[in-house]
Amino acid sequence: MKTGFFSVYYYIFIYLLLAMDDDFIAPEMRLFSPKGDRLYLTANERARFLGAAHQEKPINRIFCHVLHYTGCRSSEALELDFSRIAVNDREITFRTLKKRKYDQQDRIKQQQYRAVPVPKERIEHLDLVFGVRGIQ
């Protein structure tokens, strides 16, 4: 199988397409949408995604790894900054972008964040590519 630029972005597109389901409100975890569409990649698709990512430049590869190992949305990964990468604690803190911005009384809610543990190798790769420790 030939991998490369197109393959990585194809899998990102599929990843995002499967994750989109704005008309469903229930908070519980689910594998399928109300229409019966699969919401997540299979193990084989995830392995192929990582395989294609390994053929990319380091900056694109780390973006794919952040998506894969944290389960964040692409928009959450793109808005990351160095202050939310805890190298020593091996976690990345994401600003949750899909939460509702207003409560039931129509008041503005505070921004919500979630810390996600990341494998040691991925955090070290982030540090290697971006020099996170030096910037912090």
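The values are calculated or read from the model by the stated rules, or taken from the named source; none is laboratory data. This is a predicted model, so every value here is computed, not measured. Cβ atoms come from the backbone with ideal geometry, glycine included; neighbour counts cover every protein chain shown. Heads up: the accessible areas ignore ligands, DNA and RNA and are worked out on the full protein's heavy atoms, side chains in. Shrake-Rupley method; radii C 1.70, N 1.55, O 1.52, S 1.80 Å.
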_Pick from the range 87-136, criterion over 16 Å from Val66 (Cα atoms) and polar (S, T, N, Q), ranking: modelled with the highest pLDDT_ = Asn88
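Taking the conditions exactly as written (surrounded by fewer than 15 Cβ atoms within 10 Å (Cβ to Cβ) and of a type in the set (D, E, K, R)), does Asp127 satisfy them or not? It would help to see each step written out before you state the result.
On the way: surrounded by fewer than 15 Cβ atoms within 10 Å (Cβ to Cβ): no; of a type in the set (D, E, K, R): yes.
So Asp127 does not fit the description; no.
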_Selection count, the range 95-120, where residues are closer than 18 Å to Cys72 by Cα and of a type in the set (D, E, K, R)_ = 6
*Out of (1) farther than 19 Å from Asp127 by Cβ; (2) at pLDDT 80 or above; (3) open to solvent by 50 Å² or more (accessible area, probe 1.4 Å); (4) not in a loop (DSSP other than H, G, I, E, B), the odd one out for Phe6 is which?*
(2)
